[in-house]
1. If you scan segment 430-441, which residues turn out to be open to solvent by 20 Å² or more (accessible area, probe 1.4 Å) and under 18 Å from Pro392 (Cα atoms)?
2. What residue, among those in segment 252-262 that are within 9 Å of ligand 1 (Cβ to nearest atom) and open to solvent by 10 Å² or more (accessible area, probe 1.4 Å), is farthest from Phe67 (Cα to Cα)?
3. Among the candidates Ile192, Ile208, single out the residue that is of a type in the set (A, V, I, L, M, F, W, C) and surrounded by 18 or more Cβ atoms within 10 Å (Cβ to Cβ).
4. Here are some residues: Ala214, Ala270. Which one is over 30 Å from Arg62 (Cβ atoms) and over 20 Å from the mean Cα position of the chain (by Cα)?
5. For segment 72-96: of the residues being of a type in the set (A, V, I, L, M, F, W, C) and surrounded by fewer than 20 Cβ atoms within 10 Å (Cβ to Cβ), which is nearest to ligand 2 (Cβ to nearest atom)?
6. Restricting to segment 370-386, name every residue that is in a strand (DSSP E or B) and not basic (Lys, Arg).
7. Does Thr22 qualify as being open to solvent by 10 Å² or more (accessible area, probe 1.4 Å), within 30 Å of Glu320 (Cα to Cα) and of a type outside the set (Gly, Ala, Ser)?
8. (1) under 24 Å from Gln140 (Cβ atoms); (2) out of contact with any strand residue (DSSP E or B) (no Cβ under 6 Å at 6 or more places or on another chain); (3) open to solvent by 30 Å² or more (accessible area, probe 1.4 Å): which one isn't true of His427, the others all being true?
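The values are calculated or read from the model by the stated rules, or taken from the named source; none is laboratory data. Quantities reported herein were computed from a predicted structural model and do not represent experimental measurements. Cβ placement follows ideal geometry from the backbone for every residue including glycine, while neighbour counts extend to all protein chains displayed. In case anyone asks, the SASA skips ligands and DNA or RNA and just uses the protein heavy atoms, side chains included. Shrake-Rupley method; radii C 1.70, N 1.55, O 1.52, S 1.80 Å.
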Amino acid sequence: MQNVPITIAHGDGIGPEIMRATLRVLEAAGARIAPETIEIGEAVYARGQSSGIEATSWESLRRTKVFLKAPITTPQGGGFKSLNVTVRKTLGLYANVRPSVSYDPYVATKHPGVDVVIVRENEEDLYAGIEHRQSDEVYQCLKLVSRPGCEKIVRYAFEYARANGRKRVTCMTKDNIMKLTDGLFHQVFNEIAKEYPDIASDHMIIDIGAARLATRPETFDVIVTLNLYGDIISDIVAEVTGSVGLGGSANIGEHCAMFEAVHGSAPDIAGRGIANPSGLLLAAVMMLVHIGQGEVAERIHNAWLATLEDGVHTGDIYHEKVSELQVGTDAFAQAVIDRLGKKPSRFTPVAYAGGSPIAVAGRVSTLHPARKELTGVDVFLHWRGRPELLGPQLAALDGDGLALTMVTNRGVKVYPGGLPETFCTDHWRCRFQAPAGSTVTLMQLLSLLMRVGNAGFDFVKTENLYTFDGQSGFSLGQGQ
Ligand code: NAI
Ligand code: MG
């Protein structure tokens, strides 16, 4: 069988040390790979390339489609782009997969028996990074959630569960508050769950879900969630299992995939030969499964579990009570190599022999365009004063099929009929709507904006109010 070309980057700090150790284990285990090295991180930033990656490196990544990446040091301060976010989004790596396992009694943890996989949406949500300052007082960040984005990540989570013998997928959202964005994620989850009757499914509101993860992580199996929540809860779980230095992760896309440790470049211990290579090694195990070399992945993972069990530990997890031998990076790699072919006796051995690739095509349903009708507009103003003064001035601009129906401040209705207790900023959402059952044209909205502007109001943005097949495409005001 031909060696599979992969792209590797040695990274910064402890990166080169743990990459060397990882590659030694891969080679000894008979991984059929042909690594190509690209340079990323500090050295590239230092050459004035603010993205941290050279244009030529994309060629290798796009050709091999598989990236094993050591951690890099992100320069502090403005002017530098996060390389991780750039690589993820440029290559369309929509699924961030992070398993967290507790290795009691060999690694100290308050929560034995944890074996959770977080499948985090990696491209959308508040991480689109579209932010604006709109007034003296108010800044906004756009939360974008798309149906194809939800379908891809939710289907991925179920496919992952099925391919890896998992029993349950839990969806976490905040759809009691964000009924349209998080509501869509939850709704898509319910739809796709029906295609996987062999996998149990449930939904939790993210706040109680995160709390349960912190106190009863062993009760979860696979969790699928939006980008921000996934970022937070994956750190929570990694922390409660006590294995932050042991975690590998995968970033999976339709075309490419990237595998890396969850930790950073650990500059505090760089160059001393004491770093734990396990995070990158387990990332490499996921990579081998991904490229169809499950039997090699299995041999490495089981030898690694046997090494942990035998008490051969790097300093970060060394503990007199359970450890036998404290070793450095290379000696740890050698200990894993010495155990290739061995299975753990206390931990359950892993089995990837089927070699089922964990990536799935990002299949999305074709949507029929809805009958979309324009029924009004939210005009956002930068204005200072009390709502009972603002409301009548705006109502005086009614006409041409549009009338003021409410004014809100930070989402809560303050006109008509607000309460004096409500705190108001200088940022107002003023909703003008056509009478029930009627529609308006874009020209009618423009003429309304002309009237608003001519009356001396500073409008900072607008959001059109549509119905889709007769269903409202916007939320009500709080208190409306
Ligand atoms: P870090 O994960 O590098 O280190 C946190 C602590 O854990 C340190 O005390 C470190 O010595 C220890 N540690 C981490 N990995 C270890 C290992 N394999 N073996 C033994 N001990 C280990 O996080 P920190 O210090 O916040 O960030 C350092 C740099 O790494 C920053 O420039 C950060 O931006 C970057 N970083 C890069 C990531 C990536 O490339 N994927 C991810 C996270 C951080
Ligand atoms: Mg994070």
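1. Within segment 430-441, just Gln433 meets the criteria.
2. Among those that are within 9 Å of ligand 1 (Cβ to nearest atom) and open to solvent by 10 Å² or more (accessible area, probe 1.4 Å), it is Val262.
3. Ile192
4. From the options Ala214, Ala270, the qualifying one is Ala270.
5. Our first condition is that a residue be of a type in the set (A, V, I, L, M, F, W, C); within segment 72-96, this holds for 72, 80, 83, 85, 87, 91, 93, 95.
Retained after the next criterion (residues that are surrounded by fewer than 20 Cβ atoms within 10 Å (Cβ to Cβ)): 80, 85.
Working: Phe80: 17, Val85: 11 Å.
Selected residue: Val85.
6. Listed by number, the residues that qualify are Glu373, Leu374, Thr375, Gly376, Val377, Asp378, Val379, Phe380, Leu381, His382.
7. no
8. (3)
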